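A quick write-up on the structure given underneath.
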Amino acid sequence: MQFESIKTWLPSINEPLIISGPCGAESLEQLLKTAQQLKEINKVSLFRAGVWKPRTRPNSFEGKGEEALQWLTEVKKQFGFKITVEVANAQHTELALKYGVDVLWIGARTTANPFSVQEIADALKGIDVPVMIKNPIHADLQLWIGAIERIYNSGISKIAAIHRGFHYYGKTKYRNKPFWQIPIELRTLFPDLPIICDSSHISGNKELIPSVSQKALDLGMNGLMIETHYNPDLALSDASQQYTPSQLNQLISKLVLRNQLSEDELITNKLSDFRKIIDEIDDELLNVLKKRMQIIEKIAMHKKEQNISIFQLGRWQEILRTRVQWADKIGVSRQHIEKICILLHEESIRLQNKLMNE
Ligand code: PEP
Ligand code: MN
């Protein structure tokens with residue numbers, strides 16, 4: 001797949017590129033008030049608003065549909081904004097195009113359903129409209145790529161991915177856990193695919209939005225999507241995470257824009273000196289890992305001869321307990337060491353199983 005640069009289809013009036021507007025289009029008044037305040041800060045390149053809201057539970061605000069599309073044409077006329085709405089099926093797509101929506105976006109719940117994505121892709125055949133594709137609700141990179149492929153195969157190369165975090169069943173400070181490694185993997189596989197970070201849906205509250213946004217920029221993402229409402233307390237959906245336009249302005253002024261690579265030779269030389277040291281340390285690490293594997297081979301032979309099972313709960317518990325204590329002692333992150341121990345243990349079991357059973 002080859003994607004068009006986002007600069008060609010969504011030129012940015014600000015660095016970084018900002019997409020903003022309310023979670024849902026609630027009334028003409030709400031849209032016009034929000035759009036006017038966003039126009040005043042003059043940093044938003046695309047105005048967003050959901051007109052069909054896929055809600056988790058029934059009896060929530062589900063959007064105003066076609067009527068709201070009419071309101072959005074007013075926003076476009078009065079303030080000159082390009083507009084984007086979420087589409088979840090062919091009928092939404094056709095209506096959005098009929099009302100001159102400039103960019104479509106596919107929501108997380110829709111990306112998770114190949115039938116719906118295909119239906120949208122079919123409705124878009126032969127139509128030159130940019131499409132932004134949010135990640136599916138769960139951490140499945142292949143399903144995200146599959147949705148991108150379906151839209152691409154309908155002849156559209158003006159595509160951006162939107163990272164909005166992933167559902168996580170467990171304790172987390174985020175509304176949707178970011179699992180940054182997933183958009184990094186997407187970038188590695190498709191270096192020219194623009195990626196936008198939807199800090200609002202990752203955070204779920206106003207407090208986390210700055211750090212999530214800064215991290216996204218530091219990872220090289222191409223822009224931010226942030227929900228705004230002229231009065232968030234009145235919002236019919238996602239009230240707790242929406243900013244006022246002036247809060248958005250404050251956030252943008254605090255973001256640090258860093259360069260991909262410095263042109264200054266002194267700076268790059270210093271960086272490559274550090275990297276040489278990292279190369280040496282990694283070489284040492286690999287040799288230590290090899291030594292560890294060689295002992296595991298001996299353990300496997302011994303267990304096989306003595307008819308002892310591979311997994312020993314007591315030993316595993318002891319490893320986890322002691323290694324995090326050691327981590328604390330030398331001042332490295334215990335979470336990091338715990339993850340490494342789990343990886344090492346997985347590999348140890350795989351190797352022992354291979355040697356003892358295959
Ligand atoms: C939204 O952008 O308002 C939305 C519904 O987001 P998501 O699809 O990421 O849940
Ligand atoms: Mn929302």
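Brief remarks follow.
- Take the Cα of residue 89, go 7 Å toward its beta carbon, and the backbone nitrogen atoms of region 66-82 under 16 Å from that spot belong to 66.
- Simple spin-label estimate for residue 338 and residue 138 in nanometres, 7 Å along Cα-Cβ: 2.3
- By average C-beta atoms within 10 angstrom, highest first, the peptides 132-143, 223-234: 223-234, 132-143
- The fraction of all Cα pairs in region 7-83 landing in successive 5 Å bins from 0 to the largest distance is 3, 16, 26, 22, 16, 11, 5, 1, 0, given as whole percents.
- Set 39/158; 43/134; 39/171; 76/134; 53/215 screened for pairs whose C-alpha atoms are more than 31 Å apart: 39/171
- Counting charges near residue 337 (Lys, Arg +1; Asp, Glu -1) among other residues having Cβ under 12 Å from its Cβ returns a value of +3.
- Given R0 = 22 Å, the distance between the Cβ atoms of residue 282 and residue 261 translates into a calculated FRET efficiency of 0.55.
- Residue with peak Gaussian network fluctuation, the chain [Cα springs, cutoff 10 Å], from 333, 211, 27: 333
- Scaled against the 2.2 N^0.38 Å expected of a compact globular protein of N residues, the Cα radius of gyration of the chain reads 1.20.
- Karplus-derived HN-Hα couplings along region 346-356 (A = 6.51, B = -1.76, C = 1.60, θ = phi - 60°), whole Hz, x at Gly and Pro: 4, 5, 4, 5, 4, 5, 4, 4, 4, 5, 8
- For the chain, the share of DSSP beta bridges that are antiparallel, to the nearest 5, is 5%.
- Efficiency of FRET from Cβ geometry, residue 328 and residue 302, R₀ 35 Å, rounded to 0.05: 0.65
- Reachable aspartates and glutamates, given that their alpha-carbon falls under 19 Å from the alpha-carbon of residue 329 and they are not under 8 places away in the same chain: 318, 338
- For the chain: relative contact order, % (alpha-carbon pairs under 8 angstrom, 6 or more apart): 14
- What the phi angles of region 263-271 give under the Karplus curve with 6.51, -1.76 and 1.60, with θ = phi - 60°, is a coupling list of 8, 6, 5, 4, 5, 5, 5, 5, 4 Hz, glycine and proline written as x.
- Debye equation applied to the C-alpha atoms of region 1-141, log10 I(q)/I(0) at 0.13, 0.15, 0.17, 0.22 Å⁻¹: -0.57, -0.77, -0.99, -1.49
- Mean sequence separation of contacting Cα pairs (under 8 Å, at least six apart), scaled by the length of region 1-109, corresponds to a relative contact order of 23 percent.
- Taking the average, over residues, of other Cβ atoms within 10 Å as the packing measure, peptides 98-105, 267-274, 344-351 rank 98-105, 344-351, 267-274 from highest down.
- Partner aspartates and glutamates whose Cα lies under 18 Å from the Cα of residue 206, excluding those fewer than 8 positions away in the same chain, are identified as 198, 227, 233, 238.
- When both region 294-328 and region 126-149 are represented by their alpha-carbon centers, they are found 43 Å apart.
- Rg in Å to one decimal, and Dmax rounded to a whole Å, for region 265-356 via C-alpha atoms: 17.5, 61
- Listed peptides 254-263, 60-69 appear in the order 60-69, 254-263 once ranked by packing, highest mean of other Cβ atoms within 10 Å at the front.
Every number here is computed from the coordinates shown, using simple stated rules; none is lab data. All values derive from a computational prediction rather than experimental measurement. Note: ideal-geometry Cβ built from the backbone for every residue, glycine included; neighbour counts use all protein chains shown.
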